[in-house]
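Novice: Let me give you the structure first, and then I'll get to my questions.
The values are calculated or read from the model by the stated rules, or taken from the named source; none is laboratory data. Quantities reported herein were computed from a predicted structural model and do not represent experimental measurements. Note that we place each Cβ from the backbone using ideal geometry, even for glycine, and neighbour counts take in every protein chain shown. Surface accessibility is based on the protein's heavy atoms, side chains included, excluding ligands, DNA and RNA. Shrake-Rupley method; radii C 1.70, N 1.55, O 1.52, S 1.80 Å.
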Amino acid sequence: MKYFVVFLALLPSFIVAQKTTILKGTVKNKNKTPIENVSLEFGKIGTITDKNGNYSIRIPYKQEITIKFSHISYREFYHKITAKSRNSIRYSPILLLKTEKLAEVIIKDRRKEASGITSINVTKAKTIIGANAGVENILMTLPGVNNNNELSTQYNVRGGNFDENLVYVNGIEVYRPFLVRSGQQEGLSFINPNMVQNINFSAGGFQAKYGDKLSSVLDITYRKPKEVATTVDFSLLGGSITFESPLLDDKLTVISSLRYRDNSLFVNSKQIETNFRPRFTDLQSFVSYQFSSNFSLNYLSNFSVNSYNYQPVSRRTRFGTVANPLELVVFYDGQEENNYFTLFNAISGELTINKELSFTGTISSYNTQEEEHYDIAASYNLGEVDANIGSENFGEVDFSQGIGSQLNHARNDLDALINNVQLKGTYKKDRQQWDFGVKYQNEDIRERIREWEVIDSLGFSVRPPNNLGNNEPYNPFEGPIIPFQNIREDNTVKINRFSGFLQYNQRVFWNDIEMWYNIGVRAQSWIVSSKGDSSKSQSIISPRAQFAIKPNWEKDVLFRFSGGWYSQPPSYRELKSFNGKINVDVKAQKSIHFVAGMDYSFDLWERPFKLTTELFYKDLSDVNAYAIDNVRIRYRADNVTTGYAQGFDLRLNGEFVPGSESWVSLGYLKTEENIDNRGAISRPSDQRLKFAILFQDYVPNLPNLKAYLNLVYNTGVPGGAPAYADVYEFQGRLRDYKRADLGISYVFTDVNKQYATGWLSSFKELTIGLELFNMFDIQNSITNTWVRDVYSKNQFGIPNFMTSRVLNFKVGMKF
């Protein structure tokens with residue numbers, strides 16, 4: 001009888017067991033560390049993990065349920081499951097820390113979003129793969145930002161050119177080189193990613209507190225160290241060493257970085273055989289002393305020396321079609337010796353009067369001394385390649401269509417000194433803020449230009465374009481033999497600029513709707529004087545406004561609108577025409593901006609994502625039209641051009657892989673100009689379509705093994721024309737730019753994984769990796785070499801290809 005009673009008591013449990021199964025597993029974080037006290041629940045049933053992260057819970061058989069995993073320090077995680085067997089099921093999820101949410105996806109302070117500012121993760125800027133790794137490299141994965149030259153750190157934004165971008169470091173404007181012609185001459189960017197704390201970028205419609213340029217703002221802040229550390233990075237492309245330390249009870253902070261780069265690895269992968277080792281070195285320091293809680297003094301310096309000694313030997317390029325293949329063979333003699341010396345110093349003081357009022361004063365000086373000296377002779381043979389498969393000479397040149405040579409000579413020297421002093425202030429009261437500032441800048445530029453080119457075709461010197469021809473051999477030519485191109489100028493230009501701005505910001509609430517608005521105005525007056533010309537003074541006013549609204553919707557959506565009348569007073573480069581002469585009458589280029597954007601934050605696959613879209617239109621007037629050859633911009637030095645730029649930018653970023661942020665960018669652009677009422681044509685920056693992917697991943701069972709993919713596709717831009725060509729007669733486009741870079745690294749130790757003993761205990765960080773640049777070995781080109789066909793009197797544009805596939809090894813460590 002008692003056995004029967006026991007049987008009746010156990011019967012319900014037996015029946016329940018037949019209708020359920022056991023789900024068990026181990027809950028860990030992304031570092032594979034078990035998590036204790038994780039709560040699991042579905043319906044009214046639940047349990048928690050033990051100290052080893054293990055759990056066991058009964059779930060219904062053949063019924064879909066959703067289990068919730070939650071912990072006070074980790075993000076909630078939901079998992080749908082259906083038990084299809086009575087055998088126990090094992091499931092071990094990985095939870096992510098709440099503090100690991102990405103700054104660009106979950107933003108506590110909406111002011112940057114409202115003002116159209118994109119904040120870039122500093123760690124990502126240092127780790128993302130690229131031929132020129134750094135801040136500019138990651139910018140080129142954003143929509144609306146383009147560059148078809150992997151060896152250059154310059155970029156175009158929404159139809160503008162390189163000179164239309166503002167770059168600030170600690171509130172101080174920095175400048176790009178004057179005489180650089182190609183990306184391989186450019187050297188190191190001013191911005192040192194090892195010293196950066198914050199990266200903010202705006203692609204248009206920016207506030208009045210920023211300067212007078214037409215396209216974009218890159219605002220960089222260098223950090224003040226909070227620990228003693230030494231960071232060492234080295235690879236086959238060069239290396240760097242960075243030291244940082246707080247001193248004197250943390251009142252004094254110092255961070256200094258020495259960088260060295262050698263571009264031989266890339267240059268030797270190009271089609272031109274050279275004896276060439278381009279070397280670039282710079283030293284930067286940022287020192288800050290906190291005298292009191294209300295006053296600090298900062299010092300920023302940069303010293304760089306770039307040597308570019310280029311000695312081409314030969315080149316062989318095949319092009320044309322399968323039916324009519326052609327080959328260009330060039331033999332060179334001579335060399336190019338370029339030297340760039342730059343010295344930059346700035347002192348700034350930050351004074352806080354009270355909680356509401358603060359001031360920042362800055363004095364800075366920038367000096368660059370640049371030499372561009374070359375004598376290069378090139379002899380070429382353009383021939384038809386035997387395409388007959390059955391021929392004994394298949395693949396060999398059997399007929400020469402063009403034979404010629406050219407000699408390029410230059411002795412160009414430039415010395416530029418730019419000094420400025422500025423005072424900026426901020427007044428805050430509740431949700432209102434006033435920003436204001438004044439600035440004086442003096443520019444003294446002196447340049448000596450001695451540049452000519454002689455072209456020979458089949459033994460005859462080719463005369464310059466638009467020059468009187470001859471009727472040889474029927475009539476003898478008795479005129480002088482003159483270079484095809486010849487520039488001889490001595491320029492001395494001084495520019496004094498006075499500028500100021502005032503803007504008002506406020507954040508308001510209307511019922512449960514949050515709104516921001518910003519209204520501001522900039523003004524600048526400048527005086528240009530050139531040796532041999534009378535001085536010229538001009539002024540501009542630039543009003544700007546922004547408005548953003550966040551409705552009280554269930555969806556996390558923010559709308560923003562911005563616009564203004566932007567002006568760009570001419571720099572020395574914009575005052576200089578194609579022939580090297582200075583025109584002091586060049587006016588400021590103007591652009592009326594209209595920008596409308598939306599940010600939509602949401603969860604996908606139970607992970608955070610953000611979709612950003614922007615529509616833009618720019619109405620351009622008083623445009624100073626230009627031609628671009630590689631990275632060299634040559635202006636018309638007039639204002640007879642009008643134009644426009646329009647398009648949209650779209651970016652989706654988030655955790656496509658748990659714990660790692662990636663993004664996809666898409667941009668469309670159309671920009672045209674009308675030069676002197678001759679009709680609308682595409683501008684040199686008319687890059688219609690941009691598509692980019694920045695993807696990060698890791699091996700689930702080996703999370704310290706990480707992979708990075710940087711993929712960019714840009715449609716071709718107008719260009720590749722001969723230097724003397726009329727843009728209305730030559731509207732060809734360069735080929736589309738396609739590039740994929742892959743990086744693989746293993747993290748031995750970092751801030752999340754430290755060792756108390758062993759050889760790794762000496763490191764705060766240690767990473768070793770491989771980088772495969774241009775992994776598909778795609779032939780991209782940015783310029784053409786033009787040669788003449790003696791028989792047809794045609795010219796052929798032979799593409800100058802960029803870098804091919806290159807493998808790099810790198811090591812990063814921090815002590």
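Novice: Which of the residues belonging to the range 360-377 are more than 30 Å from Gln406 (Cα to Cα) and open to solvent by less than 60 Å² (accessible area, probe 1.4 Å)?
Specialist: Thr360, Gly361, Thr362, Ser364, Ser365, Tyr366, Asn367, Thr368
Novice: Next question, about the same structure. Among the residues of the range 315-345, what is the count of those that are small (Gly, Ala, Ser) and on the phi < 0 side of the Ramachandran plot?
Specialist: 1
Novice: Which of the following residues is closer than 24 Å to Ile681 by Cβ and within 24 Å of the chain's Cα centre (by Cα): Asn714, Asn710, Asn774, Asn784?
Specialist: Asn714 is the lone residue from the list that is closer than 24 Å to Ile681 by Cβ and within 24 Å of the chain's Cα centre (by Cα).
Novice: What tally of residues in the range 260-287 results from selecting those that are buried (at least 22 other Cβ atoms within 10 Å of the Cβ), modelled with pLDDT of 90 or more and either of a type in the set (A, V, I, L, M, F, W, C) or within 12 Å of Asn306 (Cα to Cα) (or both)?
Specialist: So the answer is 2.
Novice: Considering the range 619-650 alone, what residues qualify as being in contact with a Phe, Trp or Tyr (Cβ under 6 Å, 6 or more places away or on another chain) and charged (D, E, K, R)?
Specialist: Hits for the range 619-650 are Asp619, Arg634.
Novice: For the range 637-718, please list each of the strands (runs of 3 or more DSSP E) lying entirely inside it that holds at least 3 residues being buried (at least 17 other Cβ atoms within 10 Å of the Cβ).
Specialist: 641-657, 660-675, 689-699, 702-714
Novice: Considering only the range 318-345, how many residues are closer than 26 Å to Gln185 by Cα, open to solvent by less than 30 Å² (accessible area, probe 1.4 Å) and hydrophobic (A, V, I, L, M, F, W, C)?
Specialist: Going through the range 318-345 one residue at a time, the tally reaches 4.
Novice: Sticking with this structure for a sec: At least 3 residues that are among the small types (Gly, Ala, Ser) and touching a His at 6+ places or on another chain (Cβ under 8 Å) in each: list the strands (runs of 3 or more DSSP E) lying fully within the range 499-590 that qualify.
Specialist: 556-568
Novice: Sticking with this one: So, in the range 378-395, exactly how many residues are surrounded by 15 or more Cβ atoms within 10 Å (Cβ to Cβ), acidic (Asp, Glu) and either without any contact (Cβ under 8 Å) to a residue 24 or more places away in the chain or in a loop (DSSP other than H, G, I, E, B) (or both)?
Specialist: The qualifying residues number 1.
Novice: Please enumerate the residues belonging to the range 159-179 that are assigned to a loop (DSSP other than H, G, I, E, B), open to solvent by 10 Å² or more (accessible area, probe 1.4 Å) and within 29 Å of Gly643 (Cβ to Cβ).
Specialist: Val174, Tyr175, Arg176, Pro177, Phe178, Leu179, listed by residue number.
Novice: Condition first: of a type in the set (Phe, Trp, Tyr) and either in a strand (DSSP E or B) or farther than 28 Å from Lys224 by Cα (or both). Now tell me which residues in the range 287-319 satisfy that.
Specialist: Tyr289, Phe295, Tyr299, Phe303, Tyr308, Tyr310, Phe319
Novice: Right, next: Which of the residues belonging to the range 579-632 are without any contact (Cβ under 8 Å) to a residue 40 or more places away in the chain, open to solvent by less than 50 Å² (accessible area, probe 1.4 Å) and farther than 30 Å from Ser534 by Cβ?
Specialist: Correct list: Ala596, Thr613.
Novice: Let me ask something else about it. Within the range 58-95, which residues are outside any strand (DSSP E or B) and buried (at least 17 other Cβ atoms within 10 Å of the Cβ)?
Specialist: Residue satisfying the conditions is Pro93 alone.
Novice: Quick check on my filter: what residues within the range 90-106 are at pLDDT 80 or above and either in contact with a helix residue (DSSP H, G or I) (Cβ under 6 Å, 6 or more places away or on another chain) or of a type in the set (Val, Ile, Thr) (or both)?
Specialist: The one that is at pLDDT 80 or above and either in contact with a helix residue (DSSP H, G or I) (Cβ under 6 Å, 6 or more places away or on another chain) or of a type in the set (Val, Ile, Thr) (or both): Ile94.
Novice: Pull out all pairs, ordered by first then second residue, where Cβ-Cβ is under 7 Å, the residues are six or more apart or on different chains, the first lies in the range 72-84 and is under 16 Å from Lys30 (Cα atoms), and the second is assigned to a strand (DSSP E or B) and charged (D, E, K, R).
Specialist: So the pair list comes out as Glu76/Lys68.
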